[in-house]
Amino acid sequence: MKKRKILYLSDSSNAKTGFGNVSLDLLSYLYSTQKYDIIHACQGVTRYTPDFEKVPWKCVGVIPMDQNEINRMNSDPGYGRYTAYGGTTIDSLILEYKPDTIIVINDPWGSSDFCAEKKFWNKLNSIAWVTYDSEPLYQKSLDQIKLLQNLYCWSSFAEKEFHRLGHTHVKTQFPPIDTTKYYPLSQEEKSKIRKEFNIPENIFLVQYVFRNQLRKQSHTIIKGYSELQKKCPEIANNIYLFFHTSVSEGWDHKKFCKDANVDYNRILYTWICQNCKKIEIKADNGQTDCKFCNAQKSQITPNVGFGATIKQMNQIYNVADCFTLVANSGATERPGLEAMSCGLPLCTINYSYGFDFCKNDFVYKLRYDKSIEFGTQFLKATPNESDIMDFIIKIFNLSKQERFEIGQKSRKWIIDNFDLKKVGKDWENILDSLPESNWNFDFSDTKKDPEAIVPPSENNVHYIRSLYKEILKMDLDESDEGFRSWIYRLQQGQSKEEIEKFFRSVALTKNQEIEQQKNQINVGFESLLNKNDKKRILLIIPESVGDVFMVTSLFQSIRNRYSKPEWSFYVATKKEYFDILQGNEYIDRILEYIPQMDNLIWLEGQGSHKGYFDVVYPIYYGTQRLLNYLHNTTDKLDLQLN
């Protein structure tokens, strides 16, 4: 049976992010079924990275290995984000790999926003699995709702709101968690780990695992702890906060502690050695030398690029006594799932991501205050600090057996709803129910007609419809917002001549964009090569006239060593120097030099990336990139050329 080819656009499975963890779990499951040919288009990384070798499926980064593009990304933040999400390369990846199905997974601005407007969308089976975390729902997704035919949310909070607005095709699909890797340890094992981390048995740890960013309301935990110290000082002495997060980004916890009159050393953090990768749990006291390998200043707190292993994370959850999930919004909040899978009692808000958690009577519900977020106008929820205090006191006063029973219920809920086998099977059913895709991967667009003859009409609706149909080649009706806007302008007295002139101007611009798009769509570097080649050799000399001319003296020698028909000889240079090489009897093909060619691994391959050439001579490295031949004119030569 032919495998269904899936292009999966999201964070790399090596990224220490929620999306990265989901990618690793879900793609591992789908790959294990042997039913799918998977291409993971990894957001935020370049075309090829050695980390791709850590997983068995095909991975390709969405950021071009083009220094000019990277320079533009660095100088233009908006363009940089768009490119890092895959906006500039997704068309070429679709054309290169020709998938049956595309799945895009991220926040809407990192997935459906731009993909739903691409030529391939809905011509392939197109699925958007998008994180919606606030009221009101993200407006652009509502504007695109007819295009988002297979739209899945991460929580029923968002599904409920979509349905309220009449979009009943939207469904919830929970993210997966591998419950065989996140599980409760025995009391004996927990005690052993606490001893290793130098945490006494009588210390009660209140945990929060989070990326230190705006929506993670960690300050409410500190304020709740401050109230606890005032109300119950006799138990507060045995209670510490335990944050698994970065101290070098986001919220300033030291300042929060100072403002709340809390000793900053009452917060413990996870510290990971960059040398031996072992972890410690301790306060942020300036001591970052590793006690295990003695490396100096080698310990850092976790971040999206460097973090604990899954095994270490399971230990980190198991040393804690309860978990506070206090984001002001979120799609699902994976750390909460992991904590409950490890049997931790949990508190959270009954809003956004917390809507599903709080359906359970064993989850402690925090009151919250809603506020409007500046800039986005989204409603956000700040957890009540006194309720956090009450939760800590409640769990602290429970017996170990009572905590254990809450943990059992929590883990069962996770297994029933989020376990990898269950969610993986859900995705199998979704994918296997899709029809076969028969699209021919034609990215060409219908050209507009700026010279079209538009028949006159006294009926404004007929007239505007004719402008769209004859000039822009679009079939729209009165329900379209743009259509209604033009009718309104006519009613307000704008002349038909002005409107028609505008339509013709748009047609000219659109035609230019169509031509640019044709030029931009990259049909794959491999298409520039002769597919009948047995072996290939490439010599690269980007510039200049003199250098390009002089290297031609090497061609006969290269051809003698790499002879036809076994070897095909390619030379890459900038287009303006092609004339120097045209007609040379020793070479088979001239390629235009591109900055990606500075990466030898991309050209010759490594691991699963097979590369394009068997042998590459980047002879410009030592003259045009790095000055490496001076040697103070005192080096000794075996061959005298003068």
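Values for this structure:
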item	result
Rg in Å to one decimal, and Dmax rounded to a whole Å, for the range 257-382 via C-alpha atoms	17.4, 50
Average accessible area per residue (Å²) across the chain - probe 1.4 Å, nucleic acids and ligands excluded	50
Rounded percent of accessible protein surface that carbon and sulfur make up, the range 424-562, 1.4 Å probe	47
³J(HN,Hα) computed for each position of the range 274-283 - Karplus, 6.51 cos²θ - 1.76 cosθ + 1.60, integer Hz, glycine/proline x	6, 8, 9, 6, 7, 10, 10, 10, 7, 6
Interchain or long-range residues, amide H under 5 Å from residue 37's placed H	4, 5, 6
Alpha-carbon gyration tensor eigenvalues x 5, square-rooted, for the chain, Å	50, 39, 23
Two-decimal Rg to Rh for the range 433-504 - Kirkwood Rh, Cα set	1.13
Nearest-0.05 FRET efficiency for residue 254 and residue 213, computed from C-beta distance (R0 22 Å)	0.80
Amide H partners (placed H, <5 Å) of residue 172, local residues excluded	153
Cα convex hull of the range 137-255 - mean projected area over all directions, nm²	12.0
Share of carbon and sulfur in the accessible heavy-atom surface of the range 300-421 [1.4 Å probe, %]	53
Over the range 179-287, relative contact order from alpha-carbon pairs under 8 Å, at least 6 apart, %	24
Simple spin-label estimate for residue 531 and residue 502 in nanometres, 7 Å along Cα-Cβ	4.8
Beta bridges per DSSP with both ends in the range 339-486, % antiparallel, nearest 5	60
Long-range HN-HN contacts of residue 617 with modeled amide H, under 5 Å	538, 539, 540
Within the accessible area of the range 160-290 (1.4 Å probe), percent carbon and sulfur	47
Per-residue HN-Hα couplings for the range 261-269 [Karplus 6.51, -1.76, 1.60; θ = phi - 60°; Hz; x = Gly/Pro]	6, 10, 5, 4, 6, 7, 9, 9, 10
The range 422-479: trypsin sites (Lys or Arg not before Pro) falling in loop per DSSP and having at most 10 other Cβ within 10 Å	none
Considering only the chain, percent of DSSP beta bridges that pair antiparallel, nearest 5	20
The chain - percent relative contact order, Cα under 8 Å, separation 6 or more	11
Coil-residue chymotrypsin sites (Phe, Trp or Tyr not before Pro) of the range 307-390, DSSP, other Cβ within 10 Å capped at 12	374
Stretchable slack from residue 474 to residue 398, in nm (0.36 nm times residue separation minus alpha-carbon distance)	20.7 nm
Rounded if a/c under 1.5, otherwise prolate or oblate - the range 529-626, Cα gyration tensor axes	oblate
Spin-label zone in the range 186-213 - amide nitrogen under 14 Å from a point set 7 Å from the Cα of residue 235 along the C-beta vector	203-206
Relative packing of 42-49, 168-175, which averages over residues the other C-beta atoms within 10 Å, highest first	42-49, 168-175
Pairwise label distance in nanometres, residue 439 with residue 263, each label 7 Å out on the Cα-Cβ vector	6.1
Neighbour cut-off at most 15 other Cβ (10 Å), DSSP loop, GluC sites (Glu not before Pro), the range 324-385	373
Net length gained if the chain between residue 294 and residue 490 were fully extended (0.36 nm per residue, minus Cα distance)	62.8 nm
Electrostatic dipole magnitude of the chain [Cβ: Lys, Arg +1; Asp, Glu -1; Cα centre; debye, to 20]	1440
Residue 109-residue 564 pseudo-label distance in nm [points 7 Å out on the Cα-to-Cβ vector]	5.6
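The values are calculated or read from the model by the stated rules, or taken from the named source; none is laboratory data. Not measured: the values here are computed from a predicted model. Cβ atoms come from the backbone with ideal geometry, glycine included; neighbour counts cover every protein chain shown. Side chains included, ligands, DNA and RNA excluded: accessible areas come from the protein's heavy atoms. Shrake-Rupley method; radii C 1.70, N 1.55, O 1.52, S 1.80 Å.
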